[in-house]
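Take a look at the structure set out below.
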Amino acid sequence: MSSKQDFTLIGAGIMSATLGVLIKQLVPNAKITIYERLDKVAAESSDAWNNAGTGHSAFCELNYTPEGENGNIDISKALRISESFEISKQFWAYLVKQGLVETNVPFINDIDHMSFVFGEANQRFLKNRYDALTAYPMFMDMKHSEDFSEIESWVQLMMEGRNTNEKIAATRMPIGTDVNFGAVTRKMIAYLESCDNVEVHLGHQVEDIDKRDDGTWEIELTDLGTDEEKTVRSKFVFIGAGGGALKLLEKSDIPEGEGYGGFPVSGQFLKCNNPDVILRHEAKVYGKAEEGSPPMSVPHLDTRMLNGNRSLLFGPYAGFSTKFLKNGSYLDLPLSLDAHNIYPMISAGINNISLTKYLIEQVMQSPEEKFEALVKYYPEAKFEDWELITAGQRVQIIKKDKEEGGKLQFGTEIVASKDKTLAALLGASPGASTAVSIMLNLLQKCFPEEIKSQEWQTKLTEMIPCYGKSLIEDGELCKKTREYSTAVLKLEDV
Ligand SMILES: Cc1cc2nc3c(=O)[nH]c(=O)nc-3n(C[C@H](O)[C@H](O)[C@H](O)COP(=O)(O)OP(=O)(O)OC[C@H]3O[C@@H](n4cnc5c(N)ncnc54)[C@H](O)[C@@H]3O)c2cc1C
């Protein structure tokens, strides 16, 4: 039915995988080709150990609910993200129910989400946040406590060795999740590979994208296995290249891509190697980010469930590297500078000196100093039980801004060409958890007529029963939707 049945997806991370499956469901005879520079699917940010695996639902992430000067809590972002995650769960439940993805080992597990804060001011903040959120059905099951014994019954490991007079507070949401985003990506790509008219080419790096006079795109590639150069044509291109997206957006020369730059922030986690300790903690516990630190540096002590095995991590520790991909080049940042983005980049740098200072401090920290941050959350932690691992690379968006010259953004943004034949996803957070909503948004932008059609609407509602409805206001629908996803995805306590 669509005139754009020739789709090229660049990158084999969760975004391309999600878009590929959506397209295949909506346009069954679509010809889809995926190019990935690495020899594995989901080996960059989407891989399990390269991210924290939090199913971001705004249950525990305090940076989604900023406090205004008068103490009011702005929960608009939290509501949006929480609803988006329910959409992801419904889509994954559809894949499971239809038998499109294999489920021998679950890729999503039920792990409580908690927030944990220190000091009187933060106690006040957490209580206000709890009051504001629990006014909405999506957060109704949240528990709040400032009582040492009650919090101890939730997270004993974090309370051992702690002064009982310490001012602390916590909230707990029983329906939080840990997601192996790498596993769900690989399952989606495996499904796509089983479909007619889908090709996945690993070890293929996209070098250039040019618009042809006939309106199609010419894509230049290198087969990294043979060094052979290839050229292919496509009616629609999605640049789902994660940290590599900015460079390819620049190569496409679309005017909509002008004025964008990228600022890379790398991450490290402490990973626990002591099986006894791992078994004694079962929650994702998020604290509050330090003053002046970027939102993605919120410390958290996290149970992970990866391929049936339980682990424990703490972090992230932010760092600075000029690479845009974990498997990228140190020249990525300097080579991304161009006449169109140099001013926004410099302006954003000048306006974010505190972030630069924070990153430098983080990079300079010794392993012992990094360990001190963990002790605040787990007072009896032993240095020898933990090893430092390197996570994925995030590229934050820098965008041209009339007033400030350039602005640093922490969200994601779809940049689409005016003729709707090319779209790129820039940015990182909240990321994989909201992949389905982000890709639905992309379909809305690039296929506005098709998405209105009865055929697409029917299919979208079949995949995502709450599509087009609000889970924020409709408590009954929210309850029903959650019960459905919980049952299909078998979200029971690990
Ligand atoms: C430290 C850290 C913690 C995070 N924690 C969470 C979390 O707890 N919850 C959450 O929801 N999200 C989290 N995220 C964000 C999440 O991981 C990302 O938003 C998501 O994985 C991005 O998916 P993607 O498909 O866009 O990119 P990626 O998974 O990075 O995939 C992009 C792919 O494109 C390929 N590519 C790049 N350039 C080219 C080219 N020229 N040609 C061909 N292929 C190319 C890359 O090799 C890569 O495989 C975290 C991220 C980081 C870094």
| task | Give me a count of the residues in region 365-408 that are of a type in the set (S, T, N, Q) and under 21 Å from the mean Cα position of the chain (by Cα). | result | 3
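Yes/no per residue for (1) crowded, with 23+ Cβ neighbours inside 10 Å; (2) more than 16 Å from the ligand (Cβ to nearest atom); (3) within 24 Å of the chain's Cα centre (by Cα):
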| site | (1), (2), (3) |
| --- | --- |
| LYS143 | no, yes, no |
| ASP147 | no, yes, no |
| VAL155 | no, yes, no |
| GLY161 | no, yes, no |
| ASN165 | no, yes, no |
| ARG172 | yes, yes, yes |
| ASN180 | yes, no, yes |
| ALA183 | no, no, yes |
| CYS195 | no, yes, no |
| note | Quick count over region 462-494, residues being surrounded by 12 or more Cβ atoms within 10 Å (Cβ to Cβ) and at positive phi, is 1
| Cβ-Cβ below 8 Å, separation at least six or inter-chain, first residue in region 236-248 and on the phi > 0 side of the Ramachandran plot, second of a type in the set (Val, Ile, Thr) and assigned to a strand (DSSP E or B): which pairs? | GLY242/VAL395
| said: Which of the numbered conditions does PHE269 fail, given that it passes all the others? Conditions: (1) within 12 Å of the ligand (Cβ to nearest atom); (2) surrounded by fewer than 18 Cβ atoms within 10 Å (Cβ to Cβ). | reply: (2)
| Every residue from region 289-329 that is of a type in the set (A, V, I, L, M), farther than 18 Å from SER46 by Cα and outside any strand (DSSP E or B) | ALA289, VAL298
| request: Sort out which residues of region 387-400 are crowded, with 21+ Cβ neighbours inside 10 Å and either more than 16 Å from the ligand (Cβ to nearest atom) or among the aliphatic types (A, V, I, L, M) (or both), and write them in order of number. | output: ALA391, VAL395, ILE397, ILE398
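Here is a check on your reading of the model: is LYS97 closer than 26 Å to GLU473 by Cα, of a type in the set (D, E, K, R) and in contact with a helix residue (DSSP H, G or I) (Cβ under 7 Å, 6 or more places away or on another chain)?
Values: closer than 26 Å to GLU473 by Cα: no; of a type in the set (D, E, K, R): yes; in contact with a helix residue (DSSP H, G or I) (Cβ under 7 Å, 6 or more places away or on another chain): yes.
No.
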| message | Here is a check on your reading of the model: is GLU450 free of Cβ contacts under 8 Å to residues at least 24 places away in the same chain, out of contact with any Pro (no Cβ under 6 Å at 6 or more places or on another chain) and in a helix (DSSP H, G or I)? | response | no
| request: Provide a single number: the residues in region 453-478 that are over 30 Å from ASP47 (Cα atoms), in contact (Cβ under 8 Å) with a residue 24 or more places away in the chain and in contact with a helix residue (DSSP H, G or I) (Cβ under 7 Å, 6 or more places away or on another chain). | output: 3
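Look through region 324-335, keep the residues that are under 23 Å from the mean Cα position of the chain (by Cα) and within 14 Å of the ligand (Cβ to nearest atom), and return whichever of them is nearest to ASP39 (Cα to Cα). So that I can check it myself, show each step before the final result.
Residues of region 324-335 under 23 Å from the mean Cα position of the chain (by Cα): 324-329, 332-333.
Checking which are within 14 Å of the ligand (Cβ to nearest atom) leaves us with 324-329, 332.
On the way: PHE324: 18, LEU325: 15, LYS326: 14, ASN327: 12, GLY328: 14, SER329: 17, ASP332: 20 Å.
Among those residues, the one meeting the criterion is ASN327.
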| remark: All conditions in (1) modelled with pLDDT of 95 or more; (2) over 21 Å from GLN396 (Cα atoms) are true of GLY68 except (1)
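Quick one: which residue in GLY119, GLY99, GLY161, GLY176 is under 24 Å from ILE32 (Cβ atoms) and not aliphatic (A, V, I, L, M)?
Details: GLY119 fails: under 24 Å from ILE32 (Cβ atoms); GLY161 fails: under 24 Å from ILE32 (Cβ atoms); GLY176 fails: under 24 Å from ILE32 (Cβ atoms).
The match here is GLY99.
Would a scan of region 441-461 turn up a residue that is away from the ligand (no atom under 12 Å from the Cβ) and on the phi > 0 side of the Ramachandran plot?
Within region 441-461, the subset away from the ligand (no atom under 12 Å from the Cβ) is 441, 443-461.
Applying the additional criterion that residues be on the phi > 0 side of the Ramachandran plot yields none.
Checking region 441-461: not a single residue is away from the ligand (no atom under 12 Å from the Cβ) and on the phi > 0 side of the Ramachandran plot.
Let me confirm something: among GLU403, GLU384, GLU369, which residue is farther than 24 Å from ALA289 by Cβ, part of a helix (DSSP H, G or I) and away from the ligand (no atom under 14 Å from the Cβ)?
Working: GLU403 fails: part of a helix (DSSP H, G or I); GLU369 fails: farther than 24 Å from ALA289 by Cβ.
Exactly one residue qualifies, and that residue is GLU384.
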| task | Tell me which residues, restricted to region 63-94, are closer than 16 Å to THR134 by Cβ, crowded, with 24+ Cβ neighbours inside 10 Å and of a type in the set (A, V, I, L, M, F, W, C). | result | ALA78
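Taking only region 49-63 into account, find how many residues are within 12 Å of the ligand (Cβ to nearest atom) and over 22 Å from LEU388 (Cβ atoms). I'd like the intermediate steps shown before the answer.
So the first thing to find is which residues in region 49-63 are within 12 Å of the ligand (Cβ to nearest atom), and the list is 49-58, 60-61.
This time we only want the ones that are over 22 Å from LEU388 (Cβ atoms), so: 55-58, 60-61.
Of the residues in region 49-63, 6 are within 12 Å of the ligand (Cβ to nearest atom) and over 22 Å from LEU388 (Cβ atoms).
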| Cβ pairs under 6 Å, 6+ apart, first in region 265-293 and touching a residue at least 24 places away in the same chain (Cβ under 8 Å) and closer than 17 Å to PHE320 by Cα, second within 16 Å of the ligand (Cβ to nearest atom) and part of a loop (DSSP other than H, G, I, E, B) | SER266/SER321
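Going through region 49-62 one residue at a time, which ones are of a type in the set (A, V, I, L, M) and assigned to a loop (DSSP other than H, G, I, E, B)?
Applying the first criterion (of a type in the set (A, V, I, L, M)) to region 49-62 yields 52, 58, 62.
Within region 49-62, ALA52, ALA58 meet the criteria.
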| request: Could you please let me know if MET138 is assigned to a helix (DSSP H, G or I), under 30 Å from ALA78 (Cβ atoms), more than 16 Å from the ligand (Cβ to nearest atom) and touching a residue at least 24 places away in the same chain (Cβ under 8 Å)? | output: yes
| query | Is it the case that GLU220 is modelled with pLDDT of 95 or more, out of contact with any Asp or Glu (no Cβ under 6 Å at 6 or more places or on another chain) and part of a strand (DSSP E or B)? | reply | no
| query | With LEU95, LEU79 as the choices, which residue is out of contact with any Phe, Trp or Tyr (no Cβ under 6 Å at 6 or more places or on another chain), under 30 Å from SER194 (Cα atoms), away from the ligand (no atom under 16 Å from the Cβ) and at pLDDT 95 or above? | reply | LEU95
| request: Examine region 28-48 for a residue that is buried (at least 22 other Cβ atoms within 10 Å of the Cβ), more than 15 Å from the chain's Cα centre (by Cα), more than 9 Å from the ligand (Cβ to nearest atom) and part of a helix (DSSP H, G or I), and state whether such a residue exists. | output: no
| said: Going residue by residue through region 413-434, is there one that turns out to be under 19 Å from the mean Cα position of the chain (by Cα), assigned to a strand (DSSP E or B) and hydroxyl-bearing (Ser, Thr, Tyr)? | reply: no
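The values are calculated or read from the model by the stated rules, or taken from the named source; none is laboratory data. Please read all numbers here as calculations on a predicted model, not as lab measurements. So basically every Cβ, Gly included, is an ideal-geometry build from the backbone, and we count neighbours across all protein chains shown.
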